[in-house]
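Accompanying notes for the structure given below.
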Amino acid sequence: MEGRRYITLEPPGLQRPTAGPTRRMIVPEDKELSKYPLDVQLRIGQTPLKPISSYRIFVKENTGPMRKLHQTISHKELMTKLNTQWFTELSEEDREAYRLKGMLDRQRYRDELIAYNRNRLKVLTEYADGQKKQKETTTPAKQAGAEKEDMENCLSSEKQSKVKFKSAFKFFKLDMIAKVKDEYPTLSFKERVEIIKEQWKRLAAHEKFLYVKRSRLDKKRALLELTNATIINIQRQRAGETESAPAKEASPN
């Protein structure tokens, strides 16, 4: 605990524990941002990555070299070797260097979180002001058109709940799985997916948006297929009703 300082700044909407200092500032999940348009979310950007400890920095930097030296051992055995190296073989001077890296990463996180919260507040305030001005200038005809559009969106959302399409992360995983397999041939499929998940979290917003666009196109494709199938079923039902109608008229009462 010596020499360790705790940050007291709290982002909006984040509650502190009832007792004791906060060991690490937690990034708000920003679930409420999902109700805002995509351009607003992109302007706000990604939440900062949480800081990692000096031990995790050591593991991250030495996993690749250790894997090249011991290609046949399992992931669990590899982590055991790294753990032993950290606690018994690493000199105090080298360990202090990793502690310094951990301290710099915590400071990086604090600075990024402050900047993120400021930008988030600015973007949401500008969006709210724009919505207020638009509402003040809305005519009754525009309001009726907006209600009709909302009704159409409601109907389309019912259809969208039935469609199956690839998510943005699914497209990213399909692009990266072969590359990760080449880099880590001895890892299991589950471990490779965990690596891909970590890469997805660290992906820049503009790069992630490319996969979001692919997912939207796939969703449109799936929705179009569902709509066509629904139309065909309705046409078949109507054709069956017209064929059975003359037979009912010819039958005696």
Exercise. Return the carbon/sulfur percentage of the accessible area of the range 29-116, one whole number, probe 1.4 Å, all protein chains in place.
Key: 54
Quiz item: How large is ³J(HN,Hα) for each residue in the range 211-223, as worked out from phi by the Karplus curve 6.51 cos²θ - 1.76 cosθ + 1.60 (θ = phi - 60°), to whole Hz, x for Gly and Pro?
Solution: 6, 5, 5, 5, 5, 5, 5, 5, 5, 5, 4, 5, 5
Practice problem: Could you pull the accessible area for TYR127 with a 1.4 Å probe, rounded to 10 Å²? | Solution: 60
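The values are calculated or read from the model by the stated rules, or taken from the named source; none is laboratory data. If you're wondering where the values come from, they're calculated on a predicted model, not measured in any experiment. For accessibility, only protein heavy atoms count, side chains too; no ligands or nucleic acids. Shrake-Rupley method; radii C 1.70, N 1.55, O 1.52, S 1.80 Å.
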